[in-house]
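In what follows, a structure is listed as structure tokens, so that the remarks can point back to it.
The values are calculated or read from the model by the stated rules, or taken from the named source; none is laboratory data. Here the structure is a predicted model, which is why all the values come from computation and not from measurement. Ideal geometry is used to build each Cβ from the backbone, glycine not excepted, and the neighbour counts take in all protein chains shown. In case anyone asks, the SASA skips ligands and DNA or RNA and just uses the protein heavy atoms, side chains included. Shrake-Rupley method; radii C 1.70, N 1.55, O 1.52, S 1.80 Å.
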Amino acid sequence: MTAHRRENFGIGLKNLSDSILVLAEKHSCNIIWPVHPNPNVTMSIREDLKNHSRIHLIAPIDYPSMVWLMQYVSLIISDSGGIQEEAPTFGVPVLVTRESTERPEGIAAGTSTLVGMNHDKIVQNVLLKLRNSKNDVVKNPFGDGRASMQILDFLEEKFD
């Protein structure tokens, strides 16, 4: 779970918090949320979700730690473009808490689903995605992770 976009401050974060509470309390979901340091995020989230045994609000984590964590979760809820690109590498579906995305390839491929900050859409889609295996996620539409090797091969061939 991540959230940091200004467009989601205020009522959007409140809807997200309410959704997370429902998922933790009524559906026994465990949530890990590295909370963005922006006060508009931390004040809202920490107040609404503090002291819940299934909601783990943690300090922001570095990139390698986030990539490591993505490998071991069943689902990601996020407004992050980078996460939309990286999660498919691990077969992890992403629910995008935005009304639109600059990564339409993920939507078209089925690796991401737009849910906005709509409470019902978030809860319904989490439950739907958790019923499916993360192995059901299709091929990563953003590449196979071999771009740097392909560039190196091209350069070696061109300049040898």
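Order 140-149, 108-117, 42-51 from most to least packed using the mean count of other Cβ atoms within 10 Å.
On the way: 140-149: 12.5, 108-117: 18.8, 42-51: 14.6.
Packing order, densest peptide first, comes out as 108-117, 42-51, 140-149.
In whole percent, and with a 1.4 Å probe on the protein chains, what portion of the accessible area of the chain is carbon and sulfur?
Details: 4810 of 9160 Å².
For the chain, the apolar C and S fraction of the accessible surface comes to 53 percent.
Set the Förster distance to 35 Å, then compute FRET efficiency between Leu152 and Lys26 from the Cβ-Cβ distance, nearest 0.05. Please report the intermediate quantities before stating the final value.
Values: r = 51 Å, r/R0 = 1.44.
With a Förster radius of 35 Å, E is 0.10.
Mind checking which aspartates and glutamates have their C-alpha under 15 Å from Lys50, skipping anything on the same chain fewer than 8 residues away?
Result set, ordered by chain and number: Asp18, Glu25.
Please work out the average accessible area per residue across the stretch 53-103, using the 1.4 Å probe convention, and give it in Å².
On the way: 2360 Å² over 51 residues.
Ligands and nucleic acids excluded, the figure is 46 Å² per residue.
Could you tell me whether the chain comes out rounded, prolate or oblate from its Cα gyration tensor? Rule is a ≥ b ≥ c as square roots of the eigenvalues, rounded for a/c under 1.5, then prolate if a/b exceeds b/c, otherwise oblate.
On the way: a/c = 2.10, a/b = 1.79, b/c = 1.17.
Prolate.
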